[in-house]
Amino acid sequence: MKVLFIGGTGIISSACSELAAREGIDLYLLNRGQTVDRPAPIGATVLFGDIRDRASSEAALAGHNFDAVVDWIAFTPDHVQADIDLFRSRTGQYVFISSASVYQTPPASLPVTESTLLDNPYWDYSRNKIACEELLVRAYRDEKFPMTIVRPSHTYDATKIPLMGGYTSLQRMKDGKPLVVHGDGTSLWTLTHHRDFAKGFVPLLGNQRALGEAIHITSDEWLTWNQIYEIMASALGTPAELVHVPSELINAFDPLHGAGLLGDKSHSMIFDNSKIKRLAPGFACTIPFSWGAHEIVAWHEADPARQKVDPYVDALMDRALAAYRSIWP
């Protein structure tokens, strides 16, 4: 197969690029060549161009047609419409990377399936993804545009710390400072290693049974947020002082962080992965977060330049903690 990834060097897409190239797919990456942490895999052909600039994209893609095109960096309906116009006659499959945050929030029932209502009133990011999906469904219905929608949940690699503020939380652990954990820390969450995600994703490329379908790809390991913080602390070799702060209070101090909590992380989210297992026989996630946490710590501890503390988030935690303790000492 000849496949194009728009992007292809991000947290999720880098593992998919590596696996696709390793399995003999003739892989092309269209990007601006600016990612240094995750270079293109050996065997991939890099086409330098800007997907947001039609002339740049046309020049980079001149003479090429593809069995599948995946846009890893489309976030709004205008991005998707531009892709439809650009690839309508250039590909046998267009894969849109959506998000599991599009599902009804909070969910009326668990586990979430692909037929769960799409409704997230809290987060602009999710509402934009829903609008993108609706546009693609219309294009499939009206003109049989060969689309597939993939919904990742919280997917990580060694560079991505799934805690508030990223390395800021690890540094607070090291310094013996308390950490803010939203809610009571008992909501269930699903973390998926990017190499596990790739094992479900790559078999969808060129898969005729995936056309016109929406599919989520997640781990079957469910953890509470208390466990997630404790696993990270264990990998770091230090105890963690967890203070539970209502998500609404965090939102009052910072609506940007609050939107990601109220519209996503503060609600239990577990997924039924039956559909991806039907479309990708043999798919199974085999990397528990306890292993992933050690990868994360090793990567960050290997280079002091990677240990970046966000002073704003650090101060935000202190402010939220002070406000919470003034109410509930």
* To do: Write down the Å³ per residue value for the convex hull defined by the alpha carbon atoms of the chain.
  => 133 Å³
* Structure fact -> For the chain, the dipole about the Cα centre with charges only on Cβ (Lys and Arg +1, Asp and Glu -1), to the nearest 20 debye, works out at 340 debye
* GluC sites (Glu not before Pro), restricted to segment 23-123: which are DSSP loop and have at most 15 other Cβ atoms within 10 Å? -> Glu23
* To do: Go through Ile97, Ile42, Pro162 and say which Cα lies farthest out towards the positive end of the charge dipole of the chain; charges sit on Cβ, +1 for Lys and Arg, -1 for Asp and Glu.
  => Ile42
* Among Thr238, Thr218, rank each residue by its count of other Cβ atoms within 10 Å, from fewest to most, as a rough exposure measure. => Thr238, Thr218
* **Given charges at Cβ of Lys, Arg, Asp, Glu: the chain dipole, positive-most of Ser126, Ser109, Ala214** => Ala214
* To do: Report the residue, chosen from Asp264, Asp303, Asp175, that carries the largest GNM mean-square fluctuation when the chain is represented by alpha-carbon nodes joined by springs under 10 Å.
  => Asp303
* 0 to 90° range, to nearest 10: angle between helix 77-87 axis and the chain longest Cα axis -> 30 degrees
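With +1 on the Cβ of every Lys and Arg and -1 on the Cβ of every Asp and Glu, and nothing else charged, how large is the dipole of segment 204-312 about its Cα centre, in debye rounded to the nearest 20?
On the way: 7 positive and 13 negative charges, 106 e Å.
My answer is approximately 500 debye.
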* Structure fact -> Given backbone amide H placed at 1.01 Å from N, residues whose amide H is under 5 Å from that of Tyr28, ignoring those fewer than 5 places away on the same chain, are Val3, Leu4, Phe5, Thr45
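Taking the beta-carbon count within 10 Å as an exposure proxy, list Leu204, Leu236 from fewest neighbours to most. Could the numbers behind the result be given before it?
Numbers: Leu204 23, Leu236 20.
Ordered from fewest to most neighbouring Cβ atoms within 10 Å, Leu204, Leu236 come out as Leu236, Leu204.
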* How many angstrom lie between the C-alpha centres of segment 255-322 and segment 92-138? -> 19 Å
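Phe253 to Ala305: extension gain in nm, 0.36 nm per residue of separation minus the Cα-Cα distance? Each step should come with its number before you reach the end.
Numbers: separation 52, 0.36 × 52 = 18.72 nm, distance 2.90 nm.
So the extension gain works out to 15.8 nm.
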* Gaussian network model of the chain, Cα within-10 Å springs - most flexible of Lys265, Lys277, Lys129 -> Lys277
* From the Cα gyration tensor of segment 209-309, with a ≥ b ≥ c the square roots of its eigenvalues, which class applies: rounded if a/c is under 1.5, or else prolate if a/b is larger than b/c, or else oblate? -> oblate
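When only C-alpha pairs under 8 Å and at least 6 residues apart count, what is the relative contact order of segment 118-275, in percent?
Numbers: 205 pairs, mean separation 48.8, N = 158.
31 percent.
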* Structure fact -> segment 151-177 and segment 190-251 have their Cα centres apart by a whole-number Å value of 12 Å
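Using the Cα centre as the reference, give the magnitude of the dipole from point charges on the C-beta atoms of segment 163-237 (Lys, Arg: +1; Asp, Glu: -1; all else neutral), rounded to the nearest 20 debye.
Working: 6 positive and 7 negative charges, 51 e Å.
I would put it at about 240 debye.
Coordinate-derived values only; no laboratory data. Since we're looking at a predicted model, the values are computed, not measured. Using ideal geometry, Cβ is built from the backbone for each residue, glycine included, and neighbour counts are taken over all protein chains shown.
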